[in-house]
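Contents: one structure, followed by commentary.
The values are calculated or read from the model by the stated rules, or taken from the named source; none is laboratory data. None of the values given here were measured: they were computed from a predicted structure. All Cβ positions, glycine included, derive from the backbone under ideal geometry; neighbour counts span all protein chains shown. We work out accessible area using only protein heavy atoms, side chains counted, and drop any ligands, DNA or RNA first. Shrake-Rupley method; radii C 1.70, N 1.55, O 1.52, S 1.80 Å.
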Amino acid sequence: MSPQGMANFVPFDRDQAFLLPPDLKDWLPGDDLAHFIIAAVERVPMGAFKVNDRNSGSAQYHPRMMLALLIYAYANGIFSSRRIERASHRDIGVRFVAANTHPDHDTIVTFRRENKVAIEAAFLQVLLLAKETGLLKVGNVSIDGTKIDANASRARSLRYDRAKALREKLKADIAALMAQAADADSEGGDPQALPAEIARREALMAKLDSACARLEAQAKAEAEAATPAYEEKRAKYEKNGRKGRKPEPPDDDPPPERQTNLTDPDSNLMRKSKAHEYRQAYNAQAVVCADGGQLILATNVATAPTDQPTFAETILSMEQTIGLPKTVLADAGFASGAAVKTLQDHTIEPLVAIAKTQPHRPYDFRPPPDPKPERQITEPWRIAMKAKLETEDAKALYKRRKQTVEPVFGIVKSAMGFRSFLLRGLEKVKTEWTLVSLAYNCRRMVTLRAA
């Protein structure tokens, strides 16, 4: 007898019908992530969801089920609404969380877009659950930012001077096409051919008009913000008998090189460092527990590559959720005297690295850079911060920053696979980043509870 004839196989029959109704709980092991997510979502009050309470139209899916479905899908690297819909048929875990229902992708997109409050409430409930079980202590935290691609192409970015030039060209082209349309109409030609060409150019003209208006409004706001400082300098110049360089008033016209994106105007061209390429992205920020939990405690999204403007705002947002930390660990990108003072006024001790020249790698393939003189530190807060970081206690505490917050971004991008936002616009992107952080926290909580 052949070896194949002696093999012992488990019998199977795809046509075998269920003799009894199946229990969905038997589809997943008891320690699966799905059970924790379902329990956490049950803590979210129904008032946090946006639902149709007019009892009109067809029946709607339960919002708690929809939120659990989104969190579980994001935690397992399924972000597209169409992929989530497909997974509700094919993936056992997704099918269990969806209670064997199959919401279509339009329903998923609408729920994700309209339920910011519910997503934020679930994010808080997971943190409160961690605090209740002793897995989270709000003491020392780390903060950092990472660049995540926007749902927009870099090719759709254009400069202010180029936008103005294109507007003039479009005006001339539209006028020429209008004349051709009038000639075609009088000669009995096809009246529909040219109007379609005109409509496309008018649509592009409208986008360019909107882009120029945004850049002009931004430049005007910046000029208004800089006016008090200019008035102070001008008064000092007049008082000193007009000695020295005369201060220039702030210009309320956008600089020619100022850029905007036609697809997602809130996104910006950013790069991780000088060694990386520019990408159309957002600066996603996270505050992470540095006392062992490694949970994300607060989130924010900036439209600029620099971290200083949102430093204090992101930390102080914790005051209305789980409470303010005692110490904040941040790298040199967050170095801001105003932010440090604001945090200190709230009895928070910031430990912020002071920028210094990076040493050249001994076996770097690139040629060594030109030597730069060491930066002279003159600001009092920087001198005080540098002295504080040279103490042994501060050194030991600051070492936690890199090993707590940076692995979180590695897990989000590599293990979860989230590298690009699906939503557009700053407020919607903030909601999606909270959802990503919520999914990460659920994964982390299951790991902590199993330890």
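At-a-glance table
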| quantity | calculated |
| --- | --- |
| Coarse-grained scattering of the range 44-106 at q = 0.13, 0.16, 0.21, 0.23 Å⁻¹, given as base-10 log I(q)/I(0) from a Debye sum over alpha-carbon atoms | -0.35, -0.53, -0.84, -0.96 |
| Kirkwood-based Rg to Rh ratio, the range 182-332, C-alpha trace | 1.18 |
| Inter-label distance, nm, simple model (7 Å from Cα along the C-beta direction), Asp183/Ser153 | 3.2 |
| Solvent exposure of the chain as accessible area per residue, Å², 1.4 Å probe | 59 |
| Candidate aspartates and glutamates for bridging to Lys428, where Cα separation is under 12 Å - those fewer than 8 sequence places away on the same chain excluded | Glu114, Asp264, Asp266 |
| Proximal aspartates and glutamates relative to Lys402, as straight alpha-carbon distance under 15 Å, when same-chain residues fewer than 8 apart are discounted | Asp144, Asp291, Asp331 |
| Sulfur and carbon atoms: percent of accessible area, the chain [1.4 Å] | 52 |
| Cα centroid separation - the range 103-153 against the range 372-451, whole Å | 15 |
| For the range 386-451, the spread of Cα positions along each principal axis, largest first, Å | 44, 35, 18 |
| Beta bridges per DSSP with both ends in the chain, % antiparallel, nearest 5 | 70 |
| Too-long pairs where the Cα-Cα distance tops 26 Å, listed order kept, from Lys164/Lys430; Lys137/Lys388; Lys169/Lys207; Lys50/Lys272; Lys164/Lys274 | Lys164/Lys430; Lys50/Lys272; Lys164/Lys274 |
| Largest-first ellipsoid semi-axes for the range 333-451, taking √(5λ) over the Cα gyration tensor eigenvalues, angstrom | 32, 22, 18 |
| Hull volume in cubic angstrom per residue (convex hull over the Cα atoms of the chain) | 339 |
| Under the Karplus curve 6.51 cos²θ - 1.76 cosθ + 1.60, θ = phi - 60°, whole-Hz ³J(HN,Hα) for the range 24-30, x wherever Gly or Pro sits | 4, 5, 6, 6, 10, x, x |
